[in-house]
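*Asks:* First the structure, which I've put down as structure tokens, then a few questions once you've had a look.
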2 protein chains.
Amino acid sequence: MSTKNACSDLEDLFNPESLALIGASTKPNKWGYIILSNIITCGYKGKLYPINPNHNRILGLHTYPNIDSAPDEIDVAMVATPISTVPEVIKECGEKGVRFAIVISAGFSEAGEEGERAELEMMQTARKAGVRIVGPNTMGVFGAKASMSALMPMVLPSRGGISFISQSGNIGTQLLGLGEKMGIGFSKFVSSGNEADIRCEEYLEYFGNDPETKAVLIYMEGLDDGKKFLDVAKDVTKKKPVVVFKAGKTASGSRAAKSHSGSLAGSREIYNAAFKQSGITEVSTSTEMLYIANAFVHLPLPRGDRTGIISWGGGWGVVATDACEAAGLKIPNLPEDVVRELSTYLPPYWSKNNPVDLVGTLNMNSHRKCLEALVKCESIDGVICLGIIFDSHASTTNPTVGQTGTGVDTPIITKTMERLERQATSKVVNKVMERLKRKMVSKIIRLTNEYNKPIIAVTVSYDDALNTKLLKEGIVAYNTPEKGANTMHKLFEYKRYLSNQEQDFGK
Amino acid sequence: MSTKNACSDLEDLFNPESLALIGASTKPNKWGYIILSNIITCGYKGKLYPINPNHNRILGLHTYPNIDSAPDEIDVAMVATPISTVPEVIKECGEKGVRFAIVISAGFSEAGEEGERAELEMMQTARKAGVRIVGPNTMGVFGAKASMSALMPMVLPSRGGISFISQSGNIGTQLLGLGEKMGIGFSKFVSSGNEADIRCEEYLEYFGNDPETKAVLIYMEGLDDGKKFLDVAKDVTKKKPVVVFKAGKTASGSRAAKSHSGSLAGSREIYNAAFKQSGITEVSTSTEMLYIANAFVHLPLPRGDRTGIISWGGGWGVVATDACEAAGLKIPNLPEDVVRELSTYLPPYWSKNNPVDLVGTLNMNSHRKCLEALVKCESIDGVICLGIIFDSHASTTNPTVGQTGTGVDTPIITKTMERLERQATSKVVNKVMERLKRKMVSKIIRLTNEYNKPIIAVTVSYDDALNTKLLKEGIVAYNTPEKGANTMHKLFEYKRYLSNQEQDFGK
């Protein structure tokens, strides 16, 4: 069977019509209960069969004593039983014709020699039985199409274009959750666990061919077959971006990784060089994984590194310029005709250069015109705009309105009237702000499409919710210029890689 | 008057009993309206006088034609009138005995030669009139004690121990807003503008002596008198931490800074070295400003760089170890007796080393015991704990509960009953989780105080709100291990600086 495995299609794993949970439990502190609850809560679209010999119903679902007694075919079985029972369970899965087993159970190769033997035994059974294994020691799988959140933690990922392989279940599922808060969505996710059977590169290959996957994200601790992975990656990056976070790069980190997933982490330099050659986008912090992968899903690639910066206030312009230059981008001077055009929209004391300082003007019409002038400028490949999308709800949500000691003697009724008037004014202001925000969002989307250049917004936002909202509305928005600069540079690096590849090919 | 200025007390500026707004407006799109609305909304405790010759009432407040006609003494006047009127306004302020004028008006030295002349003229008037000037080109001042949010943007900062000087109003006020979202509070804030009169170092000196200020934060673009600033900083850092973000360090950034606030940015290396010698904690991103300053307010300093890591899942342990080592911290092996003690709380396959991998155990009692064992360990100076504080509300807030296509034919009523049952179970689970969270928070606070070592939490949080909540409850919590490692290292660096100073003193 193992020869067939290498080219198998993982479609049924991520989008199964039927799913069994072997080891379903009635006890809320057991994984067999929590996972079942998660699958139900997420609204899994297929047929769901809890398996437990001691109960007829769990969480309202008819429960079967063993997998054989389930009435239909089963595509995927999740296994949450004690380690000693796993080989037998896998054998039964094979007899039932189950194609994939997601083995939650831990204590295998990650836990020392005895566990290694158990893993070997399980794999022998699985190969004989024709069952492909996810894990063991996995936290589960998510598939957006089937609304399947077959995961240990209570997390309901947003839907989107990222498919994510994580060699740590804990990190993977937490990032799904963070993504949900940030407005960043996923197509598929797998916590690959010990990778006794299906390994990182096989998931990657599948995601490379999967039309729903717009960008691949990998949290990596170590590889069993580095060469194979890099070969696959080199193929995939021709089609779509692959973003990798490699953990265990320092000496202590490597030691910890070995103890965690049993993988040999390898030296930082070797990985960095190999990743670069394969067109992989490497990131170095956990949140970077999310926002960079997401930017690849939503933004066109810049043709070059010449970045335009437009900022409502000068300070963020300075910080953004620093951040861009530190990231390796260029902030070119603007052609005279662009300066002339911008001068017609701005007060005479504006910066006359890139970064374009809007010097705090409240005329949002000018903001939009200046942005367009910068985006269409031929010597600019991408634009970071700062502070030109405003939040609108700061004043209405505040409970202290009118509680001021003004020192003026006003009758209570007048005071109340005036407070209401102020609140009404706030509402009007907010409505205006909301309309202006929508106008700017439409403008950014239109300009992005028209000029095919990436536009990244950095919001003067007192609330992350604004960025989440903007991401959901289809524009990439951050609350720091550093993220904007870093994103633009990563987009540019990938574009440069692709261009070099094409040139090599042309020779 | 200018000789007196250098040693003046800024207490009345940040905590005035009376405040006038010259140029108050009835139009919601004018700063004279927005600022007044902000002051009212924040609940300013002192007496507030709008000044405008054309209206009797603005936003419900009696309005005076000029400052002279205001019935009381005025401590501080905000000036939001056109630049040409400012000298006259300042003169009137002097005649009224106003001590401080916050000059919002722009177009001064930041806008070229003509503006420079106007600034000079204003300053001559101010010196004659005995009025100290904030700005011009400032976005205002915040003082927690007086609940005074005399700021241009609608932002209501949280109260706390940080006092913040920003040479960009835009960046400063946005960070106040972000801080509010993150649970990070401020004692005082000033957007120092062009610093025509009161300069960065004077605010710093005052904050150094102010008992309500536990840490000073500075966003810096450039200095008129670098030596003076460093002398002051060296004094202040003996008493409390000073956190600085220096913008304009790259060539383009420096060019942008010059255009923005007219300041010469200077080279990166010179600033870095000078800051280090003065005990300044330098940060390099905008969010870092907030979370590092806040950590200084809340955490004791570690005696050394030996960091203990405890992680619910192995993956974050690996990432945290990498991050700590990359930041310059040590992850020492644990003494045998500590390993023995930890082994009594954990499954046999735990990592047996630092990082302590809790291997996903759900027994929170063990989590607390393991944490204490690590904190009290004599070869550990500070602890980063990951994933041992859980969120409790994921399952109740989900609208899709029960909307699963289970393929099982159950009557509607049974389904509804079972859905309610599941929701009730969720509520019970959440209540238990909330209690466990509170227990862990108390434990962390107790251990921090008992052993006087910093403990930083990294939450397995799908919601930033958890970290905000935890910060408000008094523990430092982040959603990435990188922030934890960076914080621990900055705390350690400051501690090392203080120790070296003491040794030098002892010689």
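The values are calculated or read from the model by the stated rules, or taken from the named source; none is laboratory data. Every value quoted in this text rests on a predicted model; they were computed, and no experiment measured them. Neighbour counts are summed over all protein chains in view; Cβ atoms, including those assigned to glycine, are modelled from backbone coordinates with ideal geometry. We work out accessible area using only protein heavy atoms, side chains counted, and drop any ligands, DNA or RNA first. Shrake-Rupley method; radii C 1.70, N 1.55, O 1.52, S 1.80 Å.
*Asks:* Here are the criteria: (1) farther than 17 Å from residue B:475 by Cβ; (2) at pLDDT 65 or above; (3) surrounded by 15 or more Cβ atoms within 10 Å (Cβ to Cβ). Tell me which single one residue B:448 does not satisfy.
*Replies:* So residue B:448 meets the others, but not (1).
*Asks:* Of everything in the stretch B:268-296 that's in a loop (DSSP other than H, G, I, E, B) and within 13 Å of chain A (Cβ to nearest Cβ), which residue is modelled with the lowest pLDDT? Give the steps one after another, and end with the answer.
*Replies:* Taking the stretch B:268-296 as the starting set, the residues that turn out to be in a loop (DSSP other than H, G, I, E, B) are B:278-280, B:284-285.
Adding the requirement that they be within 13 Å of chain A (Cβ to nearest Cβ) leaves B:284-285.
Numbers: B:284: 87, B:285: 84.
By that ranking, first place goes to B:285.
*Asks:* Could you run through the stretch B:151-166 and say how many residues are in contact with a Leu (Cβ under 9 Å, 6 or more places away or on another chain) and within 12 Å of chain A (Cβ to nearest Cβ)? Walk me through how you get there before you give the answer.
*Replies:* Here is the first cut: in the stretch B:151-166, the ones in contact with a Leu (Cβ under 9 Å, 6 or more places away or on another chain) are B:151, B:153, B:155-158, B:162-166.
Subsequent filtering for residues that are within 12 Å of chain A (Cβ to nearest Cβ) retains B:151, B:153, B:155-158, B:166.
Number of matching residues: 7.
*Asks:* Scanning for something within 12 Å of chain A (Cβ to nearest Cβ), under 19 Å from residue A:361 (Cβ atoms) and open to solvent by 10 Å² or more (accessible area, probe 1.4 Å), does the stretch B:76-95 turn up at least one residue? First the steps, then the outcome.
*Replies:* Initially, the stretch B:76-95 is screened for residues within 12 Å of chain A (Cβ to nearest Cβ), giving B:83.
This time we only want the ones that are under 19 Å from residue A:361 (Cβ atoms), so: B:83.
When the remaining residues are screened for being open to solvent by 10 Å² or more (accessible area, probe 1.4 Å), the result is B:83.
There is at least one residue in the stretch B:76-95 that is within 12 Å of chain A (Cβ to nearest Cβ), under 19 Å from residue A:361 (Cβ atoms) and open to solvent by 10 Å² or more (accessible area, probe 1.4 Å).
*Asks:* How many residues does the stretch B:297-310 hold that are within 14 Å of chain A (Cβ to nearest Cβ) and open to solvent by less than 10 Å² (accessible area, probe 1.4 Å)? Spell out how you get there, then give the answer.
*Replies:* Looking only at the stretch B:297-310, we keep the residues that are within 14 Å of chain A (Cβ to nearest Cβ), and these are B:305-310.
Those still in the list that are open to solvent by less than 10 Å² (accessible area, probe 1.4 Å) too: B:307-310.
Qualifying residue count for the region: 4.
*Asks:* Right, next: May I ask you to list pairs of residues, at least six apart or on different chains, whose Cβ atoms are under 9 Å apart, with the first in the stretch B:86-112 being more than 18 Å from residue B:76 (Cβ to Cβ) and aromatic (Phe, Trp, Tyr) and the second being open to solvent by less than 10 Å² (accessible area, probe 1.4 Å) and not in a loop (DSSP other than H, G, I, E, B)?
*Replies:* Matching pairs, first to second residue: B:108/B:86; B:108/B:115; B:108/B:122.
*Asks:* I've got another one for you. Out of B:263, B:259, I need the residue that is modelled with pLDDT under 90, outside any loop (DSSP other than H, G, I, E, B) and of a type in the set (Ser, Thr, Tyr). Which one? If you could, list the steps in order and put the result at the bottom.
*Replies:* Numbers: B:263 fails: outside any loop (DSSP other than H, G, I, E, B).
Of B:263, B:259, the one residue that is modelled with pLDDT under 90, outside any loop (DSSP other than H, G, I, E, B) and of a type in the set (Ser, Thr, Tyr) is B:259.
*Asks:* Restricting attention to the stretch B:39-51, does a residue exist that is at the interface with chain A (Cβ under 8 Å from one of its Cβ atoms), in contact with a Pro (Cβ under 8 Å, 6 or more places away or on another chain), surrounded by 20 or more Cβ atoms within 10 Å (Cβ to Cβ) and small (Gly, Ala, Ser)?
*Replies:* Checked the stretch B:39-51: at least one residue is at the interface with chain A (Cβ under 8 Å from one of its Cβ atoms), in contact with a Pro (Cβ under 8 Å, 6 or more places away or on another chain), surrounded by 20 or more Cβ atoms within 10 Å (Cβ to Cβ) and small (Gly, Ala, Ser).
*Asks:* Answer yes or no as to whether residue B:376 is closer than 27 Å to residue A:50 by Cα, more than 10 Å from chain A (Cβ to nearest Cβ) and modelled with pLDDT of 75 or more.
*Replies:* Details: closer than 27 Å to residue A:50 by Cα: no; more than 10 Å from chain A (Cβ to nearest Cβ): yes; modelled with pLDDT of 75 or more: yes.
Against the criterion (closer than 27 Å to residue A:50 by Cα, more than 10 Å from chain A (Cβ to nearest Cβ) and modelled with pLDDT of 75 or more), residue B:376 does not qualify.
*Asks:* Would you confirm whether or not the stretch A:211-220 contains a residue that is assigned to a loop (DSSP other than H, G, I, E, B), open to solvent by 20 Å² or more (accessible area, probe 1.4 Å) and out of contact with any Ser or Thr (no Cβ under 7 Å at 6 or more places or on another chain)?
*Replies:* So the first thing to find is which residues in the stretch A:211-220 are assigned to a loop (DSSP other than H, G, I, E, B), and the list is A:211-214.
Applying the additional criterion that residues be open to solvent by 20 Å² or more (accessible area, probe 1.4 Å) yields A:211-212, A:214.
Applying the additional criterion that residues be out of contact with any Ser or Thr (no Cβ under 7 Å at 6 or more places or on another chain) yields A:211, A:214.
Yes, that holds for at least one residue.
*Asks:* Also, quick follow-up: I'd like to know if the stretch A:159-181 contains one or more residues that are modelled with pLDDT of 90 or more, over 21 Å from residue A:245 (Cα atoms) and open to solvent by 20 Å² or more (accessible area, probe 1.4 Å).
*Replies:* Yes, the stretch A:159-181 has at least one match.
*Asks:* Out of (1) crowded, with 20+ Cβ neighbours inside 10 Å; (2) at the interface with chain A (Cβ under 8 Å from one of its Cβ atoms), the odd one out for residue B:72 is which?
*Replies:* The one condition residue B:72 does not meet is (1).
*Asks:* Then there's this: Taking the options A:146, A:150, name whichever one is in contact with a Gly (Cβ under 6 Å, 6 or more places away or on another chain) and in a loop (DSSP other than H, G, I, E, B). Spell out the reasoning first.
*Replies:* On the way: A:150 fails: in a loop (DSSP other than H, G, I, E, B).
After ruling out the rest, the residue left standing is A:146.
*Asks:* A follow-up question, please. Would you tally the residues in the stretch B:55-65 being under 22 Å from residue B:149 (Cα atoms) and open to solvent by 30 Å² or more (accessible area, probe 1.4 Å)?
*Replies:* 3
*Asks:* Related question: Just to be sure I understand, how many residues within the stretch A:311-343 are modelled with pLDDT of 95 or more, under 30 Å from the mean Cα position of the chain (by Cα) and surrounded by fewer than 24 Cβ atoms within 10 Å (Cβ to Cβ)?
*Replies:* Looking only at that region, the number is 1.
*Asks:* crowded, with 21+ Cβ neighbours inside 10 Å and within 16 Å of the chain's Cα centre (by Cα) - does that describe any residue in the stretch A:221-239?
*Replies:* Checked the stretch A:221-239: no residue is crowded, with 21+ Cβ neighbours inside 10 Å and within 16 Å of the chain's Cα centre (by Cα).
*Asks:* Tally up the residues in the stretch A:273-296 that are among the small types (Gly, Ala, Ser), within 21 Å of residue B:321 (Cβ to Cβ) and open to solvent by 10 Å² or more (accessible area, probe 1.4 Å), please. Steps first, answer last, please.
*Replies:* Taking the stretch A:273-296 first, the residues among the small types (Gly, Ala, Ser) are A:273-274, A:278-279, A:284, A:286, A:293, A:295.
Filter again for within 21 Å of residue B:321 (Cβ to Cβ), leaving A:284, A:286.
Filter again for open to solvent by 10 Å² or more (accessible area, probe 1.4 Å), leaving A:284.
Residues meeting the conditions: 1.
*Asks:* Next up: Any idea which of (1) within 24 Å of residue B:12 (Cβ to Cβ); (2) at the interface with chain A (Cβ under 8 Å from one of its Cβ atoms) is the one residue B:67 doesn't satisfy?
*Replies:* Residue B:67 satisfies all of (1) within 24 Å of residue B:12 (Cβ to Cβ); (2) at the interface with chain A (Cβ under 8 Å from one of its Cβ atoms) except (2).
*Asks:* Separate question: Quick one: residue A:415 ticks every box in (1) modelled with pLDDT under 75; (2) open to solvent by less than 50 Å² (accessible area, probe 1.4 Å); (3) not hydrophobic (A, V, I, L, M, F, W, C) bar one, so which box is it?
*Replies:* Residue A:415 satisfies all of (1) modelled with pLDDT under 75; (2) open to solvent by less than 50 Å² (accessible area, probe 1.4 Å); (3) not hydrophobic (A, V, I, L, M, F, W, C) except (2).
*Asks:* Please work out if residue B:193 is part of a helix (DSSP H, G or I), touching a helix residue (DSSP H, G or I) at 6+ places or on another chain (Cβ under 8 Å) and touching a residue at least 24 places away in the same chain (Cβ under 8 Å). Before the answer, list the steps.
*Replies:* Numbers: part of a helix (DSSP H, G or I): no; touching a helix residue (DSSP H, G or I) at 6+ places or on another chain (Cβ under 8 Å): yes; touching a residue at least 24 places away in the same chain (Cβ under 8 Å): yes.
For residue B:193, the condition - part of a helix (DSSP H, G or I), touching a helix residue (DSSP H, G or I) at 6+ places or on another chain (Cβ under 8 Å) and touching a residue at least 24 places away in the same chain (Cβ under 8 Å) - is not met.
*Asks:* Can I ask one more? Find all pairs meeting these conditions: Cβ atoms under 8 angstrom apart; at least six residues apart or on different chains; first residue within the stretch B:431-444 and in a helix (DSSP H, G or I); second residue of a type in the set (Val, Ile, Thr).
*Replies:* B:437/B:389; B:440/B:388; B:440/B:389; B:441/B:389; B:441/B:475; B:444/B:455; B:444/B:475
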